[in-house]
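Novice: Before we start, here is the structure in question, set down as structure tokens.
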Amino acid sequence: MDQKVRRRRVLDILVKWAAAGVAGVFSIPALIAMVVPAFRRPTAVWIRLGPISEFSVNRPTAVSVSYQKRDGWVVRGFRRTVFVSALGPREFKVFSNICTHAACAVNWDDKRQGFYCPCHDALFARDGRVLSGPPPRPLDELPTKIEGGYLFVQMPA
């Protein structure tokens, strides 16, 4: 009788270990799918703003852009406005419309010939420099590239 009990105990332990091993093997892909996105580095997003012929040298053009960013498992949609300032036929600067002082929205002002922030009466030059007001630094310039006659801007990751 003692030998049967010992055999059953050994078989019981083996079955439990086998079940735990099978469960462990099958849970590895699920664990990887849950953990890996948290360690992925965000990638920058290139967005097409339009054909380069659309932007005039005389006046910066406001362009609304929509894009999505993945942060771990969460995908968020963003809508921002950028200003395209054409310096020449194939030379462009793209600026964020967010004031560097208090994160207010700036707009191009034809009278002042600059980007104006009404929150604290700040004025930025066509090239993004601070002309007046409290902003501590110029407007944020975003990286650009031209491909196939279209202007692209790289949104922050």
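Novice: How about region 9-45: which of its residues are at pLDDT 90 or above and among the aromatic types (Phe, Trp, Tyr)?
Specialist: Result: TRP17, single match.
Novice: Please determine, by comparing only the residues of region 97-121 that are closer than 19 Å to ARG59 by Cα and small (Gly, Ala, Ser), which one is surrounded by the most Cβ atoms within 10 Å (Cβ to Cβ).
Specialist: Selected residue: GLY114.
Novice: Can you pull out the residues in region 41-90 that are under 15 Å from the mean Cα position of the chain (by Cα) and among the aromatic types (Phe, Trp, Tyr)?
Specialist: Matches in region 41-90: TRP46, TYR67, TRP73, PHE78.
Novice: I would also like to ask the following. Would you mention how many residues in region 1-55 are surrounded by 10 or more Cβ atoms within 10 Å (Cβ to Cβ), touching a residue at least 60 places away in the same chain (Cβ under 8 Å) and β-branched (Val, Ile, Thr)?
Specialist: Residues meeting the conditions: 3.
Novice: Do we have ARG112 as modelled with pLDDT of 85 or more, touching a Ser or Thr at 6+ places or on another chain (Cβ under 9 Å) and of a type in the set (D, E, K, R) here?
Specialist: no
The values are calculated or read from the model by the stated rules, or taken from the named source; none is laboratory data. As the structure is a prediction and not an experimental result, all values here were calculated from the model. All Cβ positions, glycine included, derive from the backbone under ideal geometry; neighbour counts span all protein chains shown.
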